[in-house]
C-alpha cells in the first residue's frame, strides 16, 4: 500500500511534467522527474503503436543507460523482445503495463531466448517494467524502467506506476496534440490518414488492418503522398510531417476521392 509520501512524490513527478513548455523535450523531462522523485535510475521512453497491433518501438529517449546499449536494442534486439510477442502485448492490453517475470511466464521462441542470452544477461538487466501510455492517438508511449544487479521490482513499484500511468498518459496526449503538422491541403482525407500513420511508424500491414483496406491500396496511397509531398522515402515523409513545414498547395481536400 502506498504511503502519503509516495503520493506526494508521484504528484511531484506530475507537476514537473505538466510544466513542460512547447518545444521542450517532454519525454526527457519525464525521465528526469521519475529519477529525481521516485529514485529509478535506468529509464527509457519510446513511441510506438497500440499493443493490439504491434509495438513498433521507435525514437528512444533514455536516462542512465549507455547510448551503445540503447542503439544495440533498437537496431538488433527490439524485434526479439518478448514484450512484443502476443503474450507480452496481451499484458499491456489487460494491465496497462508488463513486468519481465510475467512476460517470461510463457513459452518463448528461439529468438526470445537469444534476446535474453545475448542482450539482457550481458547488460546485467535482471528486471524490467514497461508502462503503456494509451493516448488514444496513432502514437502511443512506452515508459521502460530497468533494474540491474540483484534488484527486482516489487508490488510497491507496480502500485507507483499504476498511480502515475493515467497522469503521464494525459500529459503525453496533450503534448502530441500540440506537435505541429504540415499543411495537407492537397491530400485527400484517406491520404492524410495514411500519411499520418506512415509518419508515426506504422507498417503497411498495420495500416491496412487499421483502415480496413488492402495492402496494395495502402501502397498506392503512399506513392501518391510521396509524390505530392515531393519526398523520396517514408523517413523523409516522417521528418516533414513532424516539422510542420507547409509544402502542399492549399486547396480543399474534402472533395478529394478516397
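The values are calculated or read from the model by the stated rules, or taken from the named source; none is laboratory data. This is a predicted model, so every value here is computed, not measured. So basically every Cβ, Gly included, is an ideal-geometry build from the backbone, and we count neighbours across all protein chains shown.
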Candidate set from the stretch 153-169 (those that are in contact with a strand residue (DSSP E or B) (Cβ under 9 Å, 6 or more places away or on another chain) and modelled with pLDDT under 95); member that is farthest from residue 19 (Cα to Cα) = 153
Leading residue by the ranking (nearest to residue 67 (Cα to Cα)) among those in the stretch 13-31 that are surrounded by fewer than 17 Cβ atoms within 10 Å (Cβ to Cβ) and touching a residue at least 12 places away in the same chain (Cβ under 8 Å) = 28
If you check residue 83 against the conditions, is it surrounded by 21 or more Cβ atoms within 10 Å (Cβ to Cβ) and touching a helix residue (DSSP H, G or I) at 6+ places or on another chain (Cβ under 8 Å)?
-> yes
By residue number, the members of the stretch 100-127 that are within 24 Å of residue 13 (Cβ to Cβ) and surrounded by 21 or more Cβ atoms within 10 Å (Cβ to Cβ) are 100
Filtered residues of the stretch 129-140 (kept if at pLDDT below 95 and not in a loop (DSSP other than H, G, I, E, B)) = 140
When only residues in the stretch 1-17 that are touching a helix residue (DSSP H, G or I) at 6+ places or on another chain (Cβ under 6 Å) and farther than 18 Å from residue 139 by Cβ count, which is modelled with the lowest pLDDT?
-> 2
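Table: residues versus (1) modelled with pLDDT of 90 or more; (2) under 30 Å from residue 2 (Cβ atoms); (3) not in a helix (DSSP H, G or I).
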{"position": "143", "(1), (2), (3)": "yes, yes, yes"}
{"position": "151", "(1), (2), (3)": "no, yes, yes"}
{"position": "176", "(1), (2), (3)": "no, yes, no"}
{"position": "185", "(1), (2), (3)": "no, no, yes"}
{"position": "190", "(1), (2), (3)": "no, no, no"}
{"position": "198", "(1), (2), (3)": "no, no, no"}
{"position": "205", "(1), (2), (3)": "no, no, no"}
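Go through the stretch 33-66 and count every residue that is outside any strand (DSSP E or B), at pLDDT 90 or above and on the phi < 0 side of the Ramachandran plot.
Going through the stretch 33-66 one residue at a time, the tally reaches 11.
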